[in-house]
Amino acid sequence: MKDIPKTYAPHEIEEKWYRFWLERDYFHAADKSDKPPFSIVIPPPNITGSLHVGHALDNTLQDILTRWRRMQGYNALWMPGTDHAGIVTEIIMEKKLATWGTSREELGRKKFIERMWNWKDESRGTIIDQLQSIGCSCDWARERFTLDDGLSKAVRTAFVKLYNDGLIYRGEYMVNWCPNCRTAVSDLEVEPVEIDGNFYHIKYPIRDAAEFVEIATTRPETMLGDTAVAVHPEDERYQHLIGKTAILPILERELPIIADAYVDWEFGTGALKVTPAHDPNDYEIGQRHQLDQVNIFNPDGTLNENAGPKYQGMDRLECRKALVADLHEGEYLIKVVPHRHAVGHHDRCDQIIEPYISPQWYLNVKPLAERSMEAAQRGEVVFIPERETKRFYQWMENIQPWAISRQRWWGHQLPIWYCDDCDEITVAVDTPESCSHCNSEHIRQDEDVLDTWFSSGLWPFSTMGWPEETELLKTFYPTSVLVTGWDILFFWVARMIMLGLHCMGEVPFRHVYLHGLIADEHGQKMSKSRGNTIDPVLTVDKYGADAFRFALAFCTLPNPYMPLPESQIEAGKRFANKIWNASRFLLMNLDDFHPSESESQQVKPLRTRQASPLLCDRWIRSRFSATVQNVTIYLEEFRFSDAAHCLYEFLWHEFCDWYIELIKQRLYYADDPAAKHTAQAVAAEVLEGTMRLLHPMMPFITEEIWQRLPHKGESVVVAPWPAPNAEWADTAAEDAMQTIMNVIESIRSIRGEMNVPPSSEVEVLIQAPDRHIRDLLAEHLVEYLPAFTRFSRISIAEHQEKPPAAASAVIGALLIYIPLAGVIDIEKEKSRLQRRLDKVMKDFAGTQKTLDNPRFLDRAPEAVVEQKRTRLEELDSEKEKLEATMRMLG
């Protein structure tokens with residue numbers, strides 16, 4: 001036991017134990033088993049190079065649940081894999097190609113896709129290495145990729161089924177178009193971003209009249225596609241113009257002036273330019289009034305021939321500048337008013353989205369959504385936290401058709417073939433050799449690919465072999481729980497539920513735990529643009545995987561954004577060091593410990609070869625049993641932070657700070673071998689059980705310590721999860737120890753506040769009206785107090801006279817006095833306290849003055865203001881303590 005290193009070095013044990021686990025195949029789940037099934041499918045990380053802190057959180061929580069259920073005796077499957085990620089991965093590759101002096105178009109589709117597969121192989125290795133570095137216990141033999149052969153077959157099968165069921169159709173509608181990526185994107189992929197823009201007020205002359213209508217727009221370039229001017233039918237300002245014709249400036253196109261109730265007559269000028277091809281609301285107006293649709297954009301965002309020869313070929317923003325200059329020169333521009341507003345940006349490339357009419361393939365998800373809501377209402381799928389259920393219903397009730405086609409190359413190419421001879425289409429799972437209608441061999445496949453989220457939506461069952469009826473699918477579908485961030489409830493979770501119900505007839509998971517997003521210490525969402533991100537790789541290198549994992553679990557509160565300051569990770573490292581040092585101390589004192597057969601069983605009641613357990617032994621066993629019960633409940637309820645906090649409090653404070661200190665006397669001296677053996681046995685069994693309890697959160701350090709303790713079994717990974725021990729539950733021992741601990745803490749607190757030197761002995765006078773408490777303290781305080789402080793004598797009585805110059809503390813009905821005369825220089829101490837009080841009062845006044853300044857409150861960031869308020873409370877509390885201490889000194 002003495003060879004345990006003095007300092008905990010996580011990197012020396014993490015790789016060793018992970019290799020040990022892999023070699024013994026502990027993470028592999030059986031296709032068929034007598035054990036109850038537990039399954040999670042990993043939210044497949046994109047093959048974009050490396051993981052971010054959100055991945056670290058997500059996968060740590062999944063690993064906690066998987067390791068816990070595995071220890072509980074479940075046949076636990078954690079299905080790993082990666083996502084091809086469509087557009088976002090293509091963007092990365094296009095940037096790489098640009099640095100190499102080439103482009104996607106120059107390579108051509110075939111060679112570009114070859115490059116993408118090479119990138120996938122490289123990136124996949126990096127991602128898997130990073131997942132393993134934080135201890136993820138995935139069933140790696142089952143790893144899948146959204147473009148592998150099996151999943152590709154699943155995608156085609158699902159597409160054909162939905163098409164044959166009449167849910168997939170082709171239509172030409174308004175879509176969100178990304179000129180940079182040159183593809184349609186869904187509403188969920190459009191992120192509103194506040195930008196500083198302008199309202200351009202423009203004259204639209206009325207034909208055959210000496211008047212004009214004033215239009216205000218933030219996108220003047222789109223006026224080149226106007227086909228009408230609309231006013232509200234009840235707006236008296238424009239009644240005389242309804243039915244007349246306006247003239248489009250510059251292009252001089254005639255525009256009918258129409259009445260439509262959509263127009264908000266209180267916004268802007270009350271007159272609306274109508275551009276049916278480039279605004280979703282204008283599109284609807286155009287449909288109601290049979291207006292022409294004039295598309296002025298090329299797919300790359302440049303202006304086409306419909307914009308006029310001067311602007312043709314210009315970029316949209318370049319066109320805006322030129323057009324505004326021309327409007328000014330032609331005296332059409334009335335004024336320009338600065339206006340800050342939200343503009344839709346593509347969340348993958350951060351470029352402004354253009355509303356654009358384009359032929360696309362759509363999935364009618366309305367009937368799928370209705371079925372999904374019914375399943376949720378029946379409790380077939382449960383959302384945690386419960387508030388997410390309302391968000392789920394709100395989105396499902398208002399769901400729109402899903403544009404599933406994308407004008408890209410990297411992805412699942414649509415299983416649709418067009419016949420050049422009969423103009424019919426063939427939709428098939430297997431690539432056809434001829435047209436299914438006329439048998440012509442002149443067929444060509446649709447070049448579009450599916451939205452990435454389509455294949456991701458099949459992930460819970462496609463990874464298990466669907467459409468084949470595999471044993472894996474029979475055993476593990478529906479899965480037990482999905483763990484992911486609340487921000488992809490609609491992107492991914494809802495779509496998995498819809499597609500799972502339609503393809504499998506059952507929901508894909510029974511529970512959905514939607515955790516918050518990692519934020520910095522000020523509550524700001526972490527992002528590269530803010531420069532406040534945490535790199536998981538660097539963090540693990542610096543602090544170790546266990547410290548990082550524990551910090552992640554500790555910060556997982558039921559909030560949308562969860563702060564993870566670096567200090568929390570540092571605290572995780574200190575916790576690991578505390579566990580290591582306490583374990584090392586105990587292990588070094590177990591050299592002569594030889595447990596009997598009954599003691600060597602994991603967490604069994606003590607028997608033979610030892611004295612009866614003392615009060616502190618019964619207390620720590622009872623507290624351990626209660627901790628087991630609480631941690632198990634917290635994990636059942638997905639309360640990761642509560643579980644982490646419970647473990648921290650038990651290990652750090654109760655086991656390390658109290659119990660180990662209390663048994664040192666018995667461990668050091670062999671005068672009473674039976675008492676020493678009892679202390680060794682209790683300490684060993686509680687530490688062994690606690691390592692199992694902590695293992696899901698901190699797998700590496702717990703394996704290292706567990707292997708050095710008396711135990712049975714190969715690994716803590718497959719050791720049984722601790723169960724509460726009814727024989728150990730002892731509320732009387734807990735109450736008694738709490739009283740003793742309160743007294744000891746009060747004595748130590750008085751010594752600290754009064755600046756009593758550690759080497760000085762003090763007299764302790766305790767007034768205890770209750771005879772039972774007096775007997776308790778008389779029996780145990782003399783035994784336990786020496787472990788924590790020096791004292792000359794203890795007097796316990798029903799009543800005590802307060803000595804002069806004595807410090808005091810009150811604990812319920814107990815009153816503690818510690819005479820200080822002759823122990824400290826009272827006048828010198830009063831002088832020290834007064835200096836400290838003066839400084840506190842000065843700081844308090846300065847902080848209060850700052851907070852009373854309206855300019856500070858208006859201009860300072862909220863986080864800074866809150867820091868000042870917290871500081872004021874701290875100073876006020878310290879002031880009260882100093883004043884109370886000085887009163888005790890007279």
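Suppose every Lys and Arg Cβ carries +1 and every Asp and Glu Cβ carries -1, with no other charges. What dipole size does segment 676-819 come out with about its Cα centre, to the nearest 20 debye?
In total the dipole reaches around 340 debye.
Do any trypsin sites (Lys or Arg not before Pro) in segment 669-752 lie in a loop, going by DSSP, with at most 16 other beta-carbon atoms within 10 Å of their beta carbon, and if so which? Here the sparse-neighbourhood loop sites are K712. Bridging of K542 to lysines at a Cα separation below 16 Å is possible for K573, once same-chain residues fewer than 8 apart are set aside. Relative to one another, the C-alpha centroids of segment 152-173 and segment 804-863 are positioned 72 Å apart.
Starting from a Cα-only point model with no solvent, please compute log10 I(q)/I(0) by Debye for segment 756-812 at q = 0.24 1/Å. The Debye formula, applied to the Cα set alone, gives -1.14. Around the Cα centre of the chain, unit charges on the Cβ atoms of Lys, Arg, Asp and Glu (plus for the first two, minus for the last two) sum to a dipole of about 2620 debye. Across all Cα pairs in segment 417-514, the calculated P(r) in 5 Å bins from zero up to the longest distance comes to 3, 12, 18, 16, 12, 11, 11, 9, 5, 3, 0 percent per bin. What does the convex hull of the alpha-carbon atoms of segment 724-846 project to on average, in nm²? Mean projected area of the Cα convex hull: 10.8 nm². Counting every pair of alpha carbons in segment 135-220, the share spaced more than 17 Å apart comes to 78 percent. The listed residues K849, K578, K366, once ranked by accessible area (1.4 Å probe) with the largest placed first, stand as K849, K366, K578. Shape annotation for segment 73-179: C-alpha extents along the principal axes are 54, 46, 24 Å, from largest to smallest. Judged by the mean number of other Cβ atoms found within 10 Å, the most tightly packed of the peptides 208-216, 635-643, 695-703, 403-411 leads the ranking 695-703, 403-411, 635-643, 208-216.
Spatially, segment 297-345 and segment 374-396 are offset by 45 Å when compared through their Cα centroids.
Our summary of shape: the Cα atoms of segment 341-444 have principal axis extents of 55, 41, 22 Å, ordered from largest down, in whole angstrom.
DSSP finds beta bridges in the chain, and of those with both partners inside it, around 70 percent are antiparallel. Taking only protein heavy atoms and a 1.4 Å probe, the accessible area of the chain is 48% carbon and sulfur. With no solvent and one point on each alpha carbon, what is the Debye value of log10 I(q)/I(0) for segment 624-678 at q = 0.19, 0.25, 0.26 Å⁻¹? Results for segment 624-678 at q = 0.19, 0.25, 0.26 Å⁻¹ read -0.69, -0.88, -0.92.
Here the chain is described by how far its Cα atoms reach on the three principal axes: 110, 70, 54 Å, from widest to narrowest.
Charge tally for Q132 (other residues, Cβ to Cβ under 12 Å; Lys, Arg +1; Asp, Glu -1): -4. As a ratio to 2.2 N^0.38 Å, the alpha-carbon radius of gyration for segment 433-483 is 1.75.
Cysteines in the chain lacking any other cysteine Cβ under 4.7 Å from their own Cβ: C136, C138, C319, C349, C503, C555, C616, C646, C656. Looking at segment 276-362, the GluC sites (Glu not before Pro) that sit in a DSSP loop and have at most 16 other Cβ atoms within 10 Å of their own Cβ are E331.
Expressed in units of 2.2 N^0.38 Å, where N is the residue count, the Cα radius of gyration of segment 623-775 is 1.24. Using the structure shown, select from K16/K578; K120/K525; K16/K664; K802/K842; K310/K335 the pairs with a Cα to Cα distance greater than 26 angstrom. Result: K120/K525; K16/K664; K802/K842 exceed 26 Å. Positive-end ranking of I663, A674, I633 along the dipole of segment 631-686, with charges on Cβ about the Cα centre, is headed by A674.
Between 0 and 90 degrees, the angle of helix 280-289 with respect to the longest Cα principal axis of the chain falls at about 40 degrees. Seen from D347, the other residues with C-beta closer than 12 Å to its C-beta sum to a net charge of -4, counting Lys and Arg as +1 and Asp and Glu as -1.
Check each of the GluC sites (Glu not before Pro) in segment 432-474 and keep only those in coil by DSSP with at most 14 other C-beta atoms within 10 angstrom; list them in order.
Sparse-neighbourhood loop GluC sites (Glu not before Pro): E433, E441, E447, E468, E469.
Segment 1-157 gives an Rg/Rh value of 1.07, both radii derived from C-alpha positions and Rh following Kirkwood.
Shape summary of segment 800-852, radius of gyration then Dmax from alpha carbon positions: 16.5, 47 Å. Taken per residue, the accessible surface of the chain reaches 44 Å², heavy atoms only and a 1.4 Å probe. A Cβ-based charge dipole, computed about the Cα centre of segment 332-452 with Lys and Arg at +1 and Asp and Glu at -1, lands at about 1040 debye. Whole-percent P(r), segment 684-736, all Cα pairs, 10 Å bins from 0: 24, 47, 21, 8. Put +1 on the Cβ of each Lys and Arg and -1 on the Cβ of each Asp and Glu in the chain; which of I242, S567, Q130 then has its Cα farthest toward the positive end of the dipole? Value computed over the given set: S567. Rounded to the nearest angstrom and listed largest first, the equivalent-ellipsoid semi-axes of segment 11-94 from its Cα gyration tensor are 28, 17, 12. Projected onto planes of every orientation and averaged, the convex hull of the alpha-carbon atoms in segment 249-407 covers 13.6 nm². Projecting the alpha carbon convex hull of segment 792-890 along each direction and taking the average yields 8.8 nm². In angstrom, the C-alpha Rg and Dmax of segment 467-551 are 17.9, 50.
Simple rule: put +1 on each Lys or Arg Cβ and -1 on each Asp or Glu Cβ in segment 283-434, find the dipole, and look at I334, Q351, H412; the Cα lying farthest toward the positive end is I334. Residue-normalised convex hull volume from the C-alpha trace of segment 190-266: 121 Å³ per residue.
The values are calculated or read from the model by the stated rules, or taken from the named source; none is laboratory data. Small disclaimer: the values here were computed from a predicted structure and weren't measured. Every residue, glycine among them, receives a Cβ derived from its backbone with ideal geometry; neighbour counts consider all protein chains shown. With ligands, DNA and RNA removed, areas are computed over all heavy atoms of the protein, side chains included. Shrake-Rupley method; radii C 1.70, N 1.55, O 1.52, S 1.80 Å.
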